[in-house]
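The values are calculated or read from the model by the stated rules, or taken from the named source; none is laboratory data. Quantities reported herein were computed from a predicted structural model and do not represent experimental measurements. Counting neighbours? That spans all protein chains shown, and the Cβs are built from the backbone with ideal geometry, glycine included.
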Amino acid sequence: MKDRRIYIDKFTQQLKIWDAEINKLELKADQAKADVKRKYKQTITELLSKREGLQNKLKEMDETTNEAWDKLKQGFEKSWQDMSNAVKNAISEFK
């Protein structure tokens, strides 16, 4: 159970880091021209949706039984990698 808590806490902290990155993108979007602003907003919406999904999965994993833990963990890690790539791509795209 301790390992589960460490795992969940680690990913919760990373979500906070991504929140800060998304906030930076939002600030850039506010200063962008209309056509670029639209692209920023679309990307931010997609990131927030993925982030919410991860938050929900973390909560589900925190509340699950040990039997379901491994199955949820595998799906979560794939979603996590997708989010990680999306954040990196967004940061790179809007430099």
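Here are some notes:
- Within region 73-87, being hydrophobic (A, V, I, L, M, F, W, C) and more than 13 Å from Gly53 (Cβ to Cβ) holds for one residue alone: Val87.
- Condition check for Ala20: in a helix (DSSP H, G or I) and surrounded by 11 or more Cβ atoms within 10 Å (Cβ to Cβ): no
- When residues in region 53-67 are screened for being in a helix (DSSP H, G or I), loosely packed, with under 13 Cβ neighbours inside 10 Å and either at positive phi or not acidic (Asp, Glu) (or both), 3 of them pass.
- Condition check for Glu26: assigned to a helix (DSSP H, G or I) and touching a residue at least 12 places away in the same chain (Cβ under 8 Å): yes
- Filtered residue count, region 37-82, keeping only those that are within 23 Å of Asp3 (Cα to Cα), touching a residue at least 12 places away in the same chain (Cβ under 8 Å) and aliphatic (A, V, I, L, M): 4
- Lone unmet requirement of (1) part of a helix (DSSP H, G or I); (2) out of contact with any Leu (no Cβ under 6 Å at 6 or more places or on another chain) for Lys95: (1)
- Filtering Asp9, Asp30, Asp70, Asp35 for residues that are at pLDDT 90 or above, among the acidic types (Asp, Glu) and loosely packed, with under 14 Cβ neighbours inside 10 Å leaves a single hit, Asp9.
- Answer from Lys50, Lys71, Lys78, Lys88 - the residue that is of a type outside the set (A, V, I, L, M), in contact with a Ser or Thr (Cβ under 8 Å, 6 or more places away or on another chain) and part of a helix (DSSP H, G or I): Lys50
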